[in-house]
Amino acid sequence: MTKEELKLRLQQERYVCSDELVTTLYVSLLLGRPLLIEGAAGVGKTEIAKVMAKALDRELVRLQCYEGLDESKALYEWNYQKQLLSIQVNMGSRSSDELTRSLFSDEYLLERPLLKSIRSEQPVVLLIDEIDKADEEFEAFLLELLSEQQVTVPEIGTIRSRTTPFVVLTSNHARPLSEALRRRCAYLYIDYPDIDKEVAIIEAKLPEVNARLALQVAEAIHTLRENDQILKKPSIAETLDWVAALNALGMKELTAEGLRQTMGFVLKNNEDMEEAAHDEALFAGLS
Amino acid sequence: MTKPSSPVYLEKLTEFSRLLRREGMTVGVQEISDAAELLSAIGFSDRETVRTALQTVFAKSRNEQAAFCRVFDAYFVDEERKKASARAMQEAEEELARRRAAMDEELTFQGKPIEVREDLKEVYLTMPEEEREKLKKRIDRYRDNADRAPGLYDNFIQSIFLKTLLEQQMMAEDAATGNADDPDADLLYREISSFQESDIPKAVALIQRIAQQLSGELTAKRRRGGHSGVLDFRATIRRGLQTGGALTDLRYKKKRMRRRRLVLLCDVSGSMMQFSEFVLQFMKSLSDAAESSRIFVFSEELREVDPFALQNLDGFRHYVRHSGLFGRGTDLGRRAGSALLRPSLRIRPVHHSSGALRCQDRRPRPRRTGAAAGQGQGGQGGLP
């Protein structure tokens with residue numbers, strides 16, 4: 001696949017992206033390197049993995065990271081109930097060696113996202129979401145998978161990847177990631193989109209929305225993000241929710257009253273709402 | 001040339017990698033190999049594509065991206081920029097030569113040369129024009145007095161020169177250690193007293209990120225050994241498979257991995273009141289990020305801060321500033337050994353602020369004990 005083809009496929013999926021982003025995705029795909037994406041919450045990091053899965057026509061396998069995530073949740077687990085049942089049923093009929101061997105076979109293996117991604121016959125897109133929420137031990141565990149495309153299950157041995165998954169790791173930078181992990185990945189930083197891009201995103205995702213409303217909302221969102229007093233900056237998803245809400249209310253353009261009534265779609269805490277209510281720049285130009 | 005076909009480009013790539021290493025980036029053989037593969041695939045026809053592709057491979061953080069762009073722009077220059085750069089360099093060299101010629105004359109007083117170290121002479125050469133003018137004017141003010149009593153003023157003039165040049169040298173070093181590409185870094189290393197009103201929201205956002213990261217780092221630390229006393233059913237069954245399902249070896253769940261408790265001792269005495277906004281914001285952010293933290297404010301009294309009170313920051317701010325309990329002298333010593341602290345807390349230092357009026361000071365300082373933020377005597381303190 002060429003870079004232009006990738007760009008076309010992303011556009012077909014209504015994903016608005018810059019040349020720089022397409023180049024980075026293409027490079028990552030070309031080299032078979034995992035892609036580490038950092039950026040503020042809500043700038044579309046996870047969305048990239050979803051769109052890439054659609055654009056490449058691959059299954060999306062998602063691993064959501066959290067504190068305390070371990071191998072049994074991320075890689076594999078044995079089906080203990082089934083193993084115990086098998087022992088009880090086959091105790092007299094099979095030799096102990098044979099029985100033991102059979103217990104650690106595919107039949108009793110419960111695949112978790114990482115194992116699923118490397119055992120898949122068809123290449124998949126593996127999304128390891130919010131890796132910064134997982135522990136450092138888990139990060140170290142990931143290194144084998146990311147660099148060697150293989151994992152080791154003690155009872156079975158090393159399982160090599162049948163196909164090369166496109167791995168996307170996302171991080172909100174809640175804690176610094178290790179150098180070792182960073183070195184194994186291609187890197188992308190995503191910032192909030194500018195007004196033009198935000199309008200393009202609204203038009204792509206919600207084509208039924210009035211162009212003037214889309215522009216007004218994009219400008220208002222931009223003003224809110226520029227306001228240093230706003231603690232939780234509105235994400236792209238919140239922009240889309242807001243536009244959809246305004247559209248559902250039958251508004252063709254954004255008014256000061258409409259903004260006040262629907263502000264809860266964009267700002268999610270009281271301090272921010274109070275700050276926005278007194279932000280003159282936000283209401284400038286609204287009827 | 002659209003596709004690299006000769007080993008020359010590999011040599012260039014290696015040279016480029018060396019420059020990146022010199023900027024502090026970690027560039028291994030794998031990265032160079034990836035870059036070579038990429039250039040073979042995409043060619044050199046589009047400069048921006050090459051830049052983004054190489055950046056993806058070489059730069060692994062925002063800071064590294066900024067460093068990469070600097071090196072890339074300096075190394076892969078087009079003909080026009082090369083000429084402009086050469087012109088600028090030539091002009092700078094000519095200016096330096098002119099200044100060097102004038103320097104011997106300028107560094108004299110009463111016909112005698114002022115003794116200045118060679119490294120400080122270089123500082124003098126690179127000083128901004130307005131600073132040199134300021135120095136000249138200052139010297140001229142003393143010229144008449146010096147004419148009347150030459151012996152008396154020689155050392156004084158010498159000291160003025162020395163002090164000014166040393167100040168300039170320090171400023172140049174400070175500028176070199178600052179990171180112009182990262183506005184946060186600029187804020188982090190500036191004196192709190194020099195903060196403008198417009199800097200406060202940025203500082204608050206920075207504080208929140210620091211508190212969040214601090215909490216994240218703390219959660220990554222684990223207690224070792226021991227178990228919680230709760231049976232790990234899965235692990236026990238798994239173990240039991242070795243004995244045909246008989247549960248002879250009980251396995252227990254590990255101790256719950258708790259966040260390490262953080263104790264914040266916060267000086268709200270009179271000298272610190274002007275910085276209290278930052279400290280209050282830090283307290284709130286820390287309280288939000290690390291629920292197990294305990295926060296104390298002290299002046300002549302020591303009080304534990306209720307996390308619920310911090311949820312209403314305006315009210316708490318008002319309480320700190322106007323209750324009359326705070327904003328007086330500092331007497332932590334008297335209160336630190338009080339019953340409030342002793343029975344429940346075993347304080348181990350995990351973080352400490354610098355003593356100077358800076359958010360963070362890079363100069364080596366003697367170690368201090370105690371986990372304290374905003375702690376200091378006589379107007380000292382800063383963000384952790």
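Assuming R0 = 56 Å, what is the FRET efficiency of A:Lys82 and A:Glu5, from their Cβ-Cβ distance, to the nearest 0.05?
Details: r = 45 Å, r/R0 = 0.81.
My answer for the efficiency is 0.80.
How much solvent-accessible surface does A:Thr24 expose, in Å² to the nearest 10, with a 1.4 Å probe and all protein chains in place?
That residue has around 0 Å² of solvent-accessible surface.
Please quote Rg/Rh for region A:89-237 to two decimal places, taking the Kirkwood radius as Rh and restricting both calculations to Cα atoms. Don't skip to the end; give the middle numbers.
Numbers: Rg = 23.5 Å, Rh = 19.8 Å.
Result: Rg/Rh = 1.19.
When you take every Cα atom in region B:107-177, what is the radius of gyration, and what is Dmax, the widest Cα pair distance, in Å?
Rg then Dmax for region B:107-177, in Å: 12.8, 44.
For B:Glu115 and B:Gln90, what is the calculated FRET efficiency with R₀ set at 45 Å and r taken between the beta-carbons, to the nearest 0.05?
Details: r = 33 Å, r/R0 = 0.73.
Here the calculated transfer efficiency is 0.85.
Averaged across A:176-187, how many Cβ atoms of other chains sit within 10 Å of each residue's Cβ atom?
That works out to 4 on average.
Quickly work out the B:Ala102-to-B:Arg81 label distance, labels modelled 7 Å from Cα along the C-beta direction, and quote it in nm with one decimal.
3.2
What Kirkwood hydrodynamic radius do you get for region A:41-129 when you take the inverse of the mean 1/r over all pairs of distinct Cα atoms, in Å?
Values: mean 1/r = 0.0646 Å⁻¹.
Hydrodynamic radius (Kirkwood, Cα only) of region A:41-129 equals 15.5 Å.
From a point 7 Å beyond the Cα of A:Thr100 in the direction of its Cβ, which residues of region A:143-171 have a backbone N at a distance under 19 Å?
A:153-158
Which entries of A:Lys133/A:Lys233; A:Lys7/A:Lys252; B:Lys12/B:Lys83; A:Lys3/B:Lys60; A:Lys54/A:Lys197; A:Lys45/A:Lys232 show an alpha-carbon separation above 29 angstrom in the structure shown?
Values: A:Lys133/A:Lys233 20 Å; A:Lys7/A:Lys252 32 Å; B:Lys12/B:Lys83 20 Å; A:Lys3/B:Lys60 22 Å; A:Lys54/A:Lys197 21 Å; A:Lys45/A:Lys232 17 Å.
A:Lys7/A:Lys252, as the Cα separations exceed 29 Å there.
Per-residue mean of other chain beta-carbon atoms within 10 angstrom of the beta-carbon, peptide B:24-33? Walk me through the intermediate numbers first.
On the way: counts 0, 0, 3, 1, 1, 0, 5, 1, 0, 1.
Mean inter-chain Cβ contacts per residue within 10 Å come to 1.
Give me the compactness ratio for region A:169-246, meaning the Cα radius of gyration over 2.2 N^0.38 Å. Please list the in-between numbers first.
Numbers: Rg = 15.7 Å, N = 78, 2.2 N^0.38 = 11.5 Å.
So region A:169-246 has a normalised radius of gyration of 1.37.
Counting helices only, and only those DSSP H runs with n ≥ 4, report the 222 nm mean residue ellipticity of chain A as the sum of -39,500 (n - 2.57) divided by its residues, in deg cm²/dmol to the nearest 500. Display every interim value, and only then the final one.
Numbers: 15 runs with 141 residues, N = 287.
For chain A, the value works out to -14000 deg cm²/dmol.
For chain A, compute the orientation-averaged projected area of the C-alpha convex hull (one quarter of its surface), in nm².
Averaging across all directions leaves 18.7 nm² for the Cα convex hull.
Fully extended, how many nm does the chain gain between B:Asp249 and B:Arg18 (0.36 nm per residue separation, minus their Cα-Cα distance)? Working shown, then result.
Details: separation 231, 0.36 × 231 = 83.16 nm, distance 5.66 nm.
Length gained, B:Asp249 through B:Arg18: 77.5 nm.
Grab the Cα-Cα distance for B:Arg148 and B:Asn63, subtract it from 0.36 nm times how many residues apart they are, and report the gain in nm with one decimal.
Numbers: separation 85, 0.36 × 85 = 30.60 nm, distance 5.75 nm.
The B:Arg148-B:Asn63 span can extend by a further 24.9 nm.
Quick one: which residues, 5+ away or cross-chain, put their amide H under 5 Å from the amide H of A:Ile128? H built at 1.01 Å from N.
A:Leu63, A:Val168, A:Leu169, A:Thr170
What does the average come to when, for each residue of peptide B:47-60, you count the partner chain Cβ atoms lying within 10 Å of its Cβ?
On the way: counts 0, 3, 7, 1, 2, 10, 10, 1, 8, 14, 7, 2, 5, 11.
Mean number of neighbouring Cβ atoms from other chains: 6.
Taking the Cβ-Cβ separation of A:Glu111 and A:Ala245 as r and a Förster radius of 41 Å, what is the calculated FRET efficiency to the nearest 0.05?
Numbers: r = 40 Å, r/R0 = 0.98.
The calculated FRET efficiency here is 0.55.
Explain nothing, just compute: Karplus ³J(HN,Hα) = 6.51 cos²θ - 1.76 cosθ + 1.60, θ = phi - 60°, for every residue of region A:8-16 in order, whole Hz, x for Gly and Pro.
Karplus-based 3J(HN,Hα) across region A:8-16 equals 4, 5, 5, 5, 4, 8, 6, 9, 8 Hz.
The values are calculated or read from the model by the stated rules, or taken from the named source; none is laboratory data. The structure presented is a predicted model; accordingly, all values stated were derived computationally and were not measured. Please note: Cβ atoms are built from the backbone with ideal geometry, for glycine as well, and neighbour counts cover all protein chains shown. Just the protein is used for accessible areas: all its heavy atoms, side chains included, with ligands, DNA and RNA removed. Shrake-Rupley method; radii C 1.70, N 1.55, O 1.52, S 1.80 Å.
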